[in-house]
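Down below is the structure, laid out as structure tokens.
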Amino acid sequence: MNLDQSLIKEYWHLICHRQELPSPGDYFKFSTAVGDIVVFNDGADLVAFDNHCPHRGAIMFDGAHGNQPATCKYHGWTWSAGRVIVPHPEAFAGCDVGKAQLFRFKLDWCGDFVFVAMEPRLSLYEQLGGVAEILENISFNVSSLMDVNQYPYECGWQIAVENALEPYHISMVHPTTLASLELEEGQNEFFGLNSVWYAPIANKSLHRKLERLKRFFFVDFAYDGYMSIYLFPFVMISSTFGYSYSVQHFFPTQDGATLFSSRLLRAHLADAKSEQLLGSFFDSTAQMNRKVFEEDHEICRRVPSRTWSPAPLKFPAKSEVKIDHFRLSCREHLAHEAARATHGSPVPSMA
């Protein structure tokens, strides 16, 4: 396996929030360098699987998200409430089709966040370390999905992740969007493989406006500024004042590009009137996020994948400390893989 494939297979990945798949038939699909990952509400539980029918391997879901039965278009096999339903089972006299199962991945929870793994070398909470408590608190303050934005980034996933990890580029790349917050240097906290950046908002006028919005929300956990969480290897979560959370994925794809997605999750509101009053605020938040990610894509596509290396940066700015932390995590992962291939005994992990 190469770096991309082994990272997908050996780590837990935050896929969605419980409130994003509330109804039977709801699903999310991510296409990665090792195939699809689907999380589906089958009417009894959430199930994570490889998007293939257990009969002859046909693809079950085409879209990135939506609501539909898990029915194969080839022969009508359906997954529902924990079992495969086969039309005309009497046609299979020579085998027990009742034993047919989806090829399922491991699924676990951190609060109300859903994580999926294929062959994890750590438990979920071992991988998350101290960031788990932060995620739990965030998850319990999320009420609903507001916006889904998914498309290919024309760059390597490492380029996209490193761009998301450093604020050094903000004034150049986001002069009228993210830079309008006038974020201060802030503080980084590291939790094994993962990290969190807390940045105060220096734009006093905007800070006062955000403070005044607090009365419209019912939240018991939030950072009064800009917060960006990195979950190794492919996930970022960002928020301003905890009013909404953007969950971003940067999955490597089979063609060497990056499947980018962002989903905007809204926090609990104080009452129904608040929902009416804040409609335009949430619309503008979604549009601002989309603009920021378009700007990120435009700059990332200017960086060829061949220029990336897990080696430390030669000329690191102070604000690029999380890039060196990310690259160290990649080097340790590669050392782990090399030791296992050579001796069958991995080296210790950062997690």
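On a per residue basis, the chain carries 46 Å² of accessible surface, using protein heavy atoms and a 1.4 Å probe. Here r is the Cβ-Cβ distance between residue 280 and residue 220 and R0 is 25 Å; the resulting FRET efficiency, rounded to 0.05, is 0.45.
Translational diffusion coefficient, Stokes-Einstein: compute it for region 1-52 using the Kirkwood radius over C-alpha pairs as Rh, at 37 °C and 0.692 mPa s, and state it as an integer in µm² s⁻¹. So the translational diffusion coefficient is about 275 µm²/s. Note on residue 273: lysines with a C-alpha under 16 Å away, same-chain residues under 8 apart excluded, are 214. For residue 92 and residue 212, the difference between the fully extended length at 0.36 nm per residue and the C-alpha to C-alpha distance is 36.7 nm. Between the helical axis of 279-300 and the longest alpha-carbon principal axis of the chain there is an angle of about 90 degrees.
What a 1.4 Å probe finds exposed on region 32-138 is 51% carbon and sulfur by accessible area, rounded to a whole percent.
The calculated FRET efficiency for the pair residue 202 and residue 78, based on their C-beta separation and a Förster distance of 56 Å, comes to about 0.55. Between residue 294 and residue 151, the contour length at 0.36 nm per residue exceeds the Cα-Cα span by 50.5 nm.
Annotation: lysines with alpha-carbon distance below 18 angstrom to residue 29 (same-chain offsets under eight excluded): 9, 73, 106. Length gained on full extension, residue 67 to residue 144, computed as 0.36 nm times the residue gap minus the Cα-Cα distance: 26.1 nm. Taking all protein chains together, 73, 106, 314, 29 sort by accessible area into 314, 73, 106, 29, largest first [probe 1.4 Å]. Look at where the Cα atoms of region 92-126 and of region 199-263 average out, and the two centres are 29 Å apart.
For the chain, the share of DSSP beta bridges that are antiparallel, to the nearest 5, is 100%.
The values are calculated or read from the model by the stated rules, or taken from the named source; none is laboratory data. These figures come from a predicted structure and were not determined experimentally. Here the Cβ is made from the backbone with ideal geometry for all residues, glycine too, and neighbour counts use every protein chain on show. Surface areas here come from the heavy atoms of the whole protein model, side chains and all, with no ligands, DNA or RNA. Shrake-Rupley method; radii C 1.70, N 1.55, O 1.52, S 1.80 Å.
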